[in-house]
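So the structure is just underneath, and the comments pick up after that.
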Amino acid sequence: MESRVQRWRPIAPYFAAFLGLGVALSFFGPALPELRRQTGSSVAQMGWVFSAQSVGGLVGSLIAGRLYRHVGGRHLIALAVFGFALAIAVVPASSELIVIVAAGAVIGFGAGSLDVGGNTLVSSVVDPDRLVSSINALHMSFAVGAVLAPLVVGVSLAVSDSLWPAGAAFSGAALALAAVLWSGDRAGSARQAARDHAEQGAGPDRWRLGLVAWFFLLYVGIEIGFSGWIATYSHEVGLGSGWGTGLTVAFWAGFLAGRVLMVWRGDRIATGAVLGWSAIISTVVAVVIALVGARPIPLTLGAALFGVVIAPQFPTMLAHLHRAIPLTGVVTAWCMAGSALGGLVLPPLIGALLESTGASALPWTIGAASAASGLAIVAVNRWALALPAVEQARNLSPGSAHAPRP
């Protein structure tokens with residue numbers, strides 16, 4: 001029987017890359033108060049960092065979808081990680097908002113490229129009956145990085161009253177990882193990616209992919225909006241910066257727990273059921289957080305629980321799609337482009353609402369978006385996947401009630 005180590009070895013380097021992705025995308029949230037002081041910017045102005053990150057992600061996703069079959073997933077990922085290293089290195093060094101915004105755009109570009117390269121590559125090399133747990137394991141690594149980032153940023157600020165130690169640590173590790181990923185047979189990797197693309201054939205109609213992108217838009221808007229603004233929310237309700245770091249860590253710790261749970265049991269649960277219940281429970285939890293107000297312990301528990309229930313959505317939807325629509329570079333690019341647009345729309349909207357209407361804007365906006373994501377899941381199942389070939393593929397997929405028994 002294949003050991004657990006043998007099972008994960010082929011995709012282990014990509015776990016490290018997704019850990020770096022988690023660090024890069026969650027760096028700005030806990031660093032925002034310091035970056036506001038460093039640049040003399042307002043809350044709403046700092047929202048442009050998230051916007052730039054999302055624009056970069058959109059552009060990176062679209063370009064990566066075309067580049068994947070020409071350079072291969074491994075080297076596409078290496079370039080993305082190198083971009084993370086450069087961007088995070090300049091953040092502590094600048095007092096200009098425009099430089100911080102540009103760094104956010106570079107991180108977003110790398111995130112879009114890494115998401116397309118990693119998710120497409122892993123879905124093509126793992127066994128179908130391990131698809132859900134494998135993609136969740138990949139994204140669990142993202143959660144590990146997202147938990148580490150606020151902790152290291154918090155220690156950096158406590159020790160040196162600056163972001164320099166955190167920036168140096170993250171940049172150095174990312175450069176080393178990029179060098180490891182780049183070493184390999186680039187031509188062979190590109191040939192394999194091109195063969196995979198040709199074997200998987202043409203994707204579905206664009207309007208169907210648009211429905212899928214709409215789900216990812218809402219989901220990523222929720223994830224980035226909550227994690228990016230929860231520290232500011234804490235400050236606005238009078239809990240202080242210490243509780244802000246604690247709430248951010250609680251969210252990402254719950255998020256990590258949700259991903260671990262899906263790695264452990266994901267292949268045994270219907271993907272549609274996971275997606276539906278996640279959307280329902282996350283909506284309820286967001287409303288409870290709004291009602292809790294400034295009570296720190298219930299708020300911390302709510303942040304952690306919210307992380308648990310939304311964590312499975314992104315990787316599980318990818319697995320849900322792949323069982324019906326092969327995740328080519330182009331198809332994955334649509335998913336990641338929707339993700340990038342989500343970060344472009346919702347987090348800046350929350351920032352503007354926080355400044356104009358007060359702290360309650362965060363949980364109520366997140367709750368409304370969570371309810372909308374439930375409707376998007378229904379639309380994906382009812383229309384985006386409602387193709388004869390898709391229905392046949394779904395009926396023959398591992399774990400399907402209609403699949404033939406051996």
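Using only Cα atoms, tell me the angle between helix 361-379 and the longest principal axis of the chain; keep it within 0 to 90° and round to the nearest 10.
10 degrees
Nearest 10 degrees is fine. How inclined is helix 241-265 to the longest principal axis of the chain, computing both from alpha carbons?
With both axes taken from Cα atoms, the answer is about 10 degrees.
Given the rule -39500 (n - 2.57) for each run of at least 4 DSSP H residues, summed and divided by the residues of the chain, what is its mean residue ellipticity at 222 nm, to the nearest 500 deg cm²/dmol?
Working: 17 runs with 331 residues, N = 406.
The helix contribution divided over the chain gives -28000 deg cm²/dmol.
Against the empirical 2.2 N^0.38 Å scaling, what ratio does the C-alpha Rg of region 228-267 come to? Before the final figure, lay out the partial values.
Values: Rg = 13.4 Å, N = 40, 2.2 N^0.38 = 8.9 Å.
Compared with the compact-globule rule of thumb, region 228-267 sits at 1.50.
In terms of the Cα gyration tensor, with a ≥ b ≥ c the square roots of its eigenvalues, is region 4-395 rounded because a/c is under 1.5, prolate because a/b exceeds b/c, or oblate?
Because a/c hits 1.5 or more and a/b fails to exceed b/c, region 4-395 counts as oblate.
To make sure I understand, if each residue's beta carbon is the centre and we count other beta carbons within 10 Å, what order do 94, 160, 134, 339 fall in, fewest to most?
160, 94, 134, 339
When ranked by the protection proxy of mean other Cβ atoms within 10 Å per residue, highest first, what sequence do the peptides 245-252, 374-381 form?
Descending mean neighbour count gives 245-252, 374-381.
Which order results if 43, 106 are arranged by neighbouring Cβ count within 10 Å, fewest first?
43, 106
Quick one: 70, 320, 235, fewest Cβ neighbours within 10 Å first, how do they rank?
70, 235, 320
Cα axis of helix 97-125 to longest principal axis of the chain: angle in degrees, 0 to 90, nearest 10?
Tilt relative to the chain: about 20 degrees.
Mean separation of Cα pairs under 8 Å and 6+ residues apart, divided by the residue count of the chain: what relative contact order is that in percent?
26 percent
Any read-out appearing in this document is the output of simple, stated calculations on the displayed coordinates, not a laboratory observation. The structure presented is a predicted model; accordingly, all values stated were derived computationally and were not measured. As a convention, Cβ positions derive from the backbone with ideal geometry for all residues, glycine included, and neighbour counts pool all protein chains shown.
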